[in-house]
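These notes are about the structure you will find just below.
The values are calculated or read from the model by the stated rules, or taken from the named source; none is laboratory data. Not measured: the values here are computed from a predicted model. The protein model used for the area step is the full one, side chains on, heavy atoms only, and it has no ligands, DNA or RNA in it. Shrake-Rupley method; radii C 1.70, N 1.55, O 1.52, S 1.80 Å.
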Amino acid sequence: MSSLPGIDNPKQAIGVLADRVLVQIPRAEGERRSRAGIVIPATAQVGRRLAWAEVVAVGPHVRSIRPGDQVLFNPEDRYEVEVHGEDYLILRERDIHAVASERVDAGTGLYL
């Protein structure tokens with residue numbers, strides 16, 4: 001089985017195209033706790049729950065998101081990719097519902 005040229009080369013730069021956003025979900029996102037302290041395993045299905053992820057790279061047509069921002073998105077609207085053993089997600093800017101960043105000027109008053 002042959003691999004695509006350049007994918008295994010760690011020195012080749014990867015660029016994100018158009019309005020795409022490359023994000024990584026923190027590894028601690030798997031298991032979570034309810035307010036009452038009940039442990040909810042990562043395998044539990046939660047219908048229509050949005051997720052937070054950190055932006056790693058953005059395409060040239062992305063206007064309001066920068067690397068390092070935290071974004072809120074629907075986990076069903078994504079494409080998964082593995083690069084050098086790390087898992088990433090590719091989203092479209094229009095599929096992101098909120099951005100948490102140090103530079104947001106007009107926010108909701110809520111902070112992460």
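Could you compute how much accessible surface His61 exposes when probed at 1.4 Å, giving the result in Å² to the nearest 10?
120 Å²
Please list Val99, Val55 from largest to smallest accessible area, probe radius 1.4 Å, with all protein chains kept in place. Kindly include the intermediate steps, with their values, before the conclusion.
Values: Val99 50, Val55 5 Å².
Of Val99, Val55, the descending order of accessible area is Val99, Val55.
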